[in-house]
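> Have a look at this one before I ask anything.
Derivation of every value follows stated rules applied to the coordinates shown; laboratory data play no part. As the structure is a prediction and not an experimental result, all values here were calculated from the model. Note that each Cβ is placed from the backbone with ideal geometry, even for glycine, and that neighbours are counted across all protein chains shown.
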Amino acid sequence: MGRLAIASDHAGRELKEDLKAYLTELGVEYVDMGVNSDASVDYPDYGSPVAEKVSSGEAEKGVLICGTGIGMSILANKYRGVRAALVSDVFTARLSREHNDANILVIGGRVVGKGLAREMLKIWLETRFEGGRHQKRLDKITEVERKVNGR
Ligand code: RB5
């Protein structure tokens, strides 16, 4: 796969470090956009660079982690072409790829344990978008994005 960008705030940092080690085990290249200390930070400052990379196509996929995952997912979905999925189980991690072609995986570092997070990440990276009727639905989302934000 193409480039993967990963970032977290302080509340997601421990999980980010674990998932980075797992990505290395899986042989997946990534770029770490921070945060790199445990001091309290604002998640938009770290989520935005990843969402920008995915939106521009510089990164094919992204992984964002904050305490609940909610702030990062709200933020990332502001970016054109970003489909960020906040998931906390393997089933929705898989379906977010098959049906939604999610290009950013969002995880709550205070919600999900490391073992489950690793499983979700693996299945998310391995699963392909099914296209077909789901593409038609994504096209409708793109239309909404155009209407709301202009071209
Ligand atoms: C930080 O305390 C926390 O609010 C943040 O990590 C995230 O959960 C926001 O949605």
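> Using a Gaussian network model of the chain whose springs link C-alpha atoms within less than 10 Å, name the residue from Gly69, Gly115, Gly81 with the highest mean-square fluctuation.
Judging by the Gaussian network model, the answer is Gly115.
> Any chance you could check the Cα centroid distance between the stretch 35-113 and the stretch 5-23 for me, in angstrom?
11 Å
> Right, here's the next one. Quick one: which residues, 5+ away or cross-chain, put their amide H under 5 Å from the amide H of Gly62? H built at 1.01 Å from N.
Under 5 Å from the amide H of Gly62: Ala5, Ile104, Leu105.
> A follow-up question, please. Which of the lysines could a cross-linker span from Lys16 if the Cα-Cα distance has to be under 23 Å and same-chain partners fewer than 8 positions apart are dropped?
Output for Lys16: Lys53, Lys61, Lys78, Lys114, Lys122.
> Once you have the Kirkwood Rh of the chain from its Cα pairs, apply Stokes-Einstein at 20 °C and 1.002 mPa s and quote D in µm²/s.
Here the translational diffusion coefficient equals 141 µm²/s.
> What distance in nm separates the two pseudo spin-label positions at Glu98 and Leu138, each 7 Å out from Cα along the beta-carbon direction?
1.6 nm
> Eigenvalues of the Cα gyration tensor times 5, then square-rooted: what semi-axes does that give for the stretch 64-131, in whole angstrom, largest first?
With the √(5λ) rule applied to the stretch 64-131, the semi-axes are 17, 16, 7 Å.
> Less than 13 Å Cβ to Cβ from Glu98, Lys/Arg counted +1 and Asp/Glu -1: what total charge do the surrounding residues give?
Taking every Cβ under 13 Å from that of Glu98, the sum is +3.
> Then there is this: Give me the orientation-averaged projected area of the Cα convex hull of the stretch 95-148, in nm², one decimal.
Dividing the Cα hull surface by four gives the mean projection, 4.5 nm².
> In addition: Quick one: among Asp101, Asp32, Asp139, which has the greatest mean-square fluctuation in a GNM of the chain with alpha-carbon springs under 10 angstrom?
Asp139
> By how many degrees, between 0 and 90 and to the nearest 10, does the Cα long axis of helix 13-26 differ from the longest principal axis of the chain?
Once rounded, one gets 80 degrees.
> Provide the net charge surrounding Gly115, with neighbours chosen by a C-beta distance below 12 Å and charges set as Lys +1, Arg +1, Asp -1, Glu -1.
Net charge around Gly115: +1.
> Among Leu95, Leu116, Leu26, determine the one that fluctuates most according to a GNM of the chain built with springs between C-alpha atoms less than 10 Å apart.
Among Leu95, Leu116, Leu26, the largest mean-square fluctuation in the Gaussian network model of the chain belongs to Leu26.
> Tell me the mean residue ellipticity at 222 nm calculated for the chain from its helices only (DSSP H runs of n ≥ 4, each -39500 (n - 2.57), averaged over every residue, nearest 500).
Taken over the chain, the calculation gives -15500 deg cm²/dmol.
> Each residue of the stretch 84-96 in order: what ³J(HN,Hα) in whole Hz does its phi give by Karplus 6.51 cos²θ - 1.76 cosθ + 1.60, θ = phi - 60°, with x for Gly and Pro?
Karplus-based 3J(HN,Hα) across the stretch 84-96 equals 8, 10, 8, 10, 9, 8, 5, 4, 6, 4, 5, 5, 5 Hz.
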